[in-house]
1. Among 50, 113, which comes first, second and so on when ranked by fewest other beta-carbon atoms within 10 Å?
2. For a quick check: with amide H placed at 1.01 Å from N, whose amide H comes under 5 Å from residue 119's, ignoring anything fewer than 5 positions away on the same chain?
3. Output the antiparallel fraction of DSSP beta bridges having both residues in region 3-129, as a percent to the nearest 5.
4. Would you work out the relative contact order for region 3-129, in percent, from Cα pairs under 8 angstrom that are 6 or more residues apart?
5. Given the Cα-Cα distance of residue 21 and residue 51 and 0.36 nm per residue of separation, how much length would full extension add, in nm?
6. Given axes a ≥ b ≥ c from the Cα gyration tensor, I'd like to know whether region 1-79 is rounded (a/c under 1.5), prolate (a/b larger than b/c) or oblate.
7. To make sure I understand the rule: partners must be lysines, Cα under 16 Å from the Cα of residue 2, and not fewer than 8 residues away in the same chain. Which ones qualify?
8. Quick check on the chain: helices-only [θ] at 222 nm, where DSSP H runs of length 4 and up contribute -39,500 (n - 2.57) each and the sum goes over total residues. Nearest 500, please.
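Please treat every number below as a calculation from the coordinates, not as lab data. None of the values given here were measured: they were computed from a predicted structure. Note that we place each Cβ from the backbone using ideal geometry, even for glycine, and neighbour counts take in every protein chain shown.
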Amino acid sequence: MKILIDTNILLDVALRREPFFTDSAGVLDWAELNPKQAAIAWHSVSNLAYLVKQDARGFLADLLAFVEVAAGDTATVRQALAVPTPDLEGALQANAALEFGAELIVTRDTSDYKKLPIQAMTPADFVAAYGTARG
């Protein structure tokens with residue numbers, strides 16, 4: 001199974017945000033145990049660099065040892081712009097997931113994906129279904 005990990009999950013781990021850290025870290029644990037089966041959206045890289053600042057390079061370097069970056073191009077952005085949703089960032093994430101061949105997006109914002117063409121699951125639900133939560 002392939003998944004796309006939303007930026008908010010990455011930020012939970014990179015910034016050790018509580019109470020979200022444990023479940024979000026469990027998603028990355030799953031990804032590490034299943035190399036190349038998880039991806040992040042291409043624009044998540046710049047979002048992380050901006051929000052995490054000095055620790056972003058090391059975090060991303062570690063992450064890219066087992067996670068892919070889902071490609072994005074002009075066509076991908078045009079497709080996202082055509083999606084009838086007020087959440088452009090969610091549409092970009094969904095299109096990146098589809099480009100990667102993901103079956104679902106792991107995100108804390110599942111409501112953002114209700115009208116998008118891919119299933120969304122919270123980190124807690126993902127860890128409960130697929131394991132690897134940190135204890």
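1. Fewest-to-most ranking of 50, 113: 50, 113.
2. Close amide H contacts, sequence-distant or interchain: 105.
3. Antiparallel bridges: around 0 percent, rounded to the nearest 5.
4. 31
5. Residue separation times 0.36 nm, minus the Cα-Cα distance, leaves 9.2 nm.
6. Taking the square roots of the gyration eigenvalues as a ≥ b ≥ c, region 1-79 is oblate.
7. 36
8. Result for the chain: -15000 deg cm²/dmol, rounded to the nearest 500.
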